[in-house]
Amino acid sequence: MTDRSDDIQKRLDGLDEIGQVVGALRAIAAGQIGAAHGAAEAAAAYAGTLVDAMGAVTTDAPASTPGEGAGLLLVIGAAQGFSGSYPARIAEAAHSAMQQRPGLLVLGQRTLEILRGNGMPVLWSADLPVHPSVVPSLASRITDVLVSMSVDHSGPIRALVATAEGNSQPELRDLLPAPGGSRSPRTGPPPLINLPVSALVAGLLQEA
């Protein structure tokens, strides 16, 4: 009877230690979520500024197209399997978006495994960042890859991403041609620029 009581106590102590570990992990996750939300708000504000700048610069410029072809598709998926139904939903959406056979780029190891398991050819892949501070360097790397691959894969460049709600269907967004180019009439004076419009637009696209 004493041995059994000791065994139960050891199990209770072990559960308490597990509870402490889970609590610490939750605290870390909460901190990272807060940092991610802050970074997302800053990125959204920056992207809005770029879209406004591109609209002001290209209002009087002739519309351009990214060329004929299927283009490129960037899938932003999941890093691991503890993501609910998101890995399956993003993989299903990617399968539908691949009907025109664009060049496929994938972020997220778990999503990469699913897509390759379904026989989908992947041109380039990387895992998702573990902290918001790594996002800028990864974004710069992705931009370089997209620009390089667009030479052999002409056409629109799109990204398949999760929506802000997180529980709805993934969203297919246009990266090039850049969104927001409504070409509405300019109400103010033209912007003062000291670069050729083509060079300025190319720089803005790389920043976006």
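The values are calculated or read from the model by the stated rules, or taken from the named source; none is laboratory data. All of these numbers come straight from a predicted model, not from anything done at the bench. Please note: Cβ atoms are built from the backbone with ideal geometry, for glycine as well, and neighbour counts cover all protein chains shown. The protein model used for the area step is the full one, side chains on, heavy atoms only, and it has no ligands, DNA or RNA in it. Shrake-Rupley method; radii C 1.70, N 1.55, O 1.52, S 1.80 Å.
Tell me whether the range 121-141 contains one or more residues that are β-branched (V, I, T) and in contact with a Gly (Cβ under 7 Å, 6 or more places away or on another chain).
Within the range 121-141, the subset β-branched (V, I, T) is 122, 130, 134-135.
Next cut, in contact with a Gly (Cβ under 7 Å, 6 or more places away or on another chain) only: none.
Scanning the range 121-141, I find no residue that is β-branched (V, I, T) and in contact with a Gly (Cβ under 7 Å, 6 or more places away or on another chain), so the answer is no.
Filter the range 108-129 down to the residues that are assigned to a helix (DSSP H, G or I) and in contact (Cβ under 8 Å) with a residue 24 or more places away in the chain and list them by number.
Taking the range 108-129 and keeping what is assigned to a helix (DSSP H, G or I), we get 109-117.
Across the range 108-129, the qualifying residues are Q109, R110, T111, L112, I114, L115.
Restricting the range 130-159 to residues that are in contact with a strand residue (DSSP E or B) (Cβ under 9 Å, 6 or more places away or on another chain) and not in a helix (DSSP H, G or I), which is surrounded by the most Cβ atoms within 10 Å (Cβ to Cβ)?
Initially, the range 130-159 is screened for residues in contact with a strand residue (DSSP E or B) (Cβ under 9 Å, 6 or more places away or on another chain), giving 138, 141-142, 145-146, 149-150, 152-153, 155-159.
The next check asks that each one be not in a helix (DSSP H, G or I); those that pass are 150, 152-153, 155-159.
Numbers: S150: 19, D152: 10, H153: 21, G155: 18, P156: 19, I157: 25, R158: 18, A159: 20.
Residue satisfying both the conditions and the ranking: I157.
Exactly one condition in (1) modelled with pLDDT of 85 or more; (2) closer than 15 Å to L128 by Cβ is false for S83; which is it?
(1) is the only condition that S83 fails.
Which residues, taken from the range 111-130, are modelled with pLDDT under 90 and aliphatic (A, V, I, L, M)? Working first, answer last.
Narrowing the range 111-130 to residues modelled with pLDDT under 90: 128-130.
Once the filter is applied, which keeps residues that are modelled with pLDDT under 90 and aliphatic (A, V, I, L, M), the range 111-130 yields L128, V130.
Residue by residue through the range 97-129, note down the ones that are among the charged types (D, E, K, R) and either open to solvent by less than 60 Å² (accessible area, probe 1.4 Å) or within 19 Å of I157 (Cβ to Cβ) (or both).
First, pick out the residues of the range 97-129 that are among the charged types (D, E, K, R): 101, 110, 113, 116, 127.
Hit for the range 97-129 is R101, nothing else.
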